[in-house]
Amino acid sequence: MTLADLIDIFRERAEDTAQPYLWSDDTLLRFASEAQRQACIRAHLLRDSTTTAICELDVAADATDVGLSPLVLDVLKARLDGIAQPLGITSADQMDADDDQWEARSPAQPTHLVLERNGAGLAGRLWPTPIADVTLRLRVIRLPLLAAFTDGDETPEIPTQLHEQLVDWMLHLAYLKKDAETFDSDAAAAAAARFTASFGELPDANVRRKQADRRPNVVAFNPF
């Protein structure tokens with residue numbers, strides 16, 4: 001389903017089929033972009049292990065940090081190129097709990113990828129710090145590659161069967177427009193509720209932190 005198709009569905013449901021439209025195509029493309037982003041944050045829809053810029057990272061010897069893309073919501077699996085055994089994925093809080101001196105360990109062959117929430121994003125580092133240049137390969141959950149739609153011929157990146165549900169968030173945003181012909185708080189709330197029923201609640205910062213702390217693949221380490 002293309003963006004033009006979604007806009008047609010939106011206009012039919014919003015009864016905005018006669019020109020001049022209450023909401024321009026450009027505005028609706030912006031609403032559709034935000035709807036897809038919301039859906040991906042809530043439902044973790046996009047899993048990726050093949051996009052080179054996101055999933056294949058060169059890390060220099062003695063480098064402290066891994067340059068995770070801001071599109072990465074979570075890391076499902078990590079390994080070093082040429083090594084079949086995956087890295088343990090853990091959190092900085094877990095490392096601190098196990099040994100508060102872990103960051104001071106001498107460089108060696110990395111065994112873990114340490115993740116930490118950094119504002120709205122995710123920061124990472126290899127541990128121990130690599131003693132040589134390495135390539136890190138990831139399987140991640142991410143946001144859409146395109147930050148914003150610009151053309152009605154574009155297609156949302158999430159699964160096709162979920163495209164039409166994006167219209168609910170578009171309607172939610174549309175009915176919040178401060179205009180006598182468009183503002184409808186009840187309709188906005190109803191559209192948001194339908195969207196939430198499809199994709200789940202939007203996690204806040206505290207929920208994301210707790211999810212990271214509970215991550216099932218946390219691996220404790222023995223520094224000795």
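Quick notes on this structure:
- DSSP-loop trypsin sites (Lys or Arg not before Pro) across region 143-201, with at most 11 other Cβ within 10 angstrom: Lys178
- Förster radius 22 Å - calculated FRET efficiency between Thr135 and Asp99 (Cβ-Cβ, nearest 0.05): 0.20
- Under the criterion of Cα pairs below 8 Å and six or more residues apart, the relative contact order for the chain equals 31 percent.
- Helices of the chain meeting both criteria, an alpha-carbon length of 15 angstrom or more along the long axis and an average Kyte-Doolittle score not below -1.0, with helices taken as full DSSP H segments, are 3-14, 25-43, 185-199.
- Kirkwood Rh (inverse of mean 1/r, distinct Cα pairs), the chain, angstrom: 19.6 Å
- Solvent exposure of the chain as accessible area per residue, Å², 1.4 Å probe: 53 Å²
- Among the chymotrypsin sites (Phe, Trp or Tyr not before Pro) within region 142-208, those in coil by DSSP and having at most 13 neighbouring Cβ atoms inside 10 Å are Phe183.
- Over region 12-101, relative contact order from alpha-carbon pairs under 8 Å, at least 6 apart, %: 12 percent
- Residues Leu202, Leu68, Leu113, ordered by accessible area of protein heavy atoms at a 1.4 angstrom probe radius and largest first, appear as Leu202, Leu68, Leu113.
- In order along region 56-62, the Karplus-derived 3J(HN,Hα) couplings, from 6.51 cos²θ - 1.76 cosθ + 1.60 at θ = phi - 60°, round to 10, 10, 8, 10, 6, 3, 6 Hz, and Gly and Pro are given as x.
- Portion, in percent, of the accessible area of the chain that falls on carbon or sulfur, probe 1.4 Å: 48 percent
- Checking every one of the GluC sites (Glu not before Pro) in region 82-189 against DSSP loop status and a limit of 12 other Cβ atoms within 10 Å picks out Glu181.
- FRET efficiency, 1/(1 + (r/R0)^6) with R0 25 Å, evaluated for Leu22 and Ala189 via beta carbons: 0.85
- The stretch between Ala53 and Ala197, if pulled fully straight at 0.36 nm per residue, gains 48.5 nm over its current Cα-Cα span.
The values are calculated or read from the model by the stated rules, or taken from the named source; none is laboratory data. Owing to the predicted nature of the structure, the values given are computational and were not obtained by experimental measurement. Backbone-built Cβ (ideal geometry, glycine too); neighbour counts: all protein chains shown. With ligands, DNA and RNA removed, areas are computed over all heavy atoms of the protein, side chains included. Shrake-Rupley method; radii C 1.70, N 1.55, O 1.52, S 1.80 Å.
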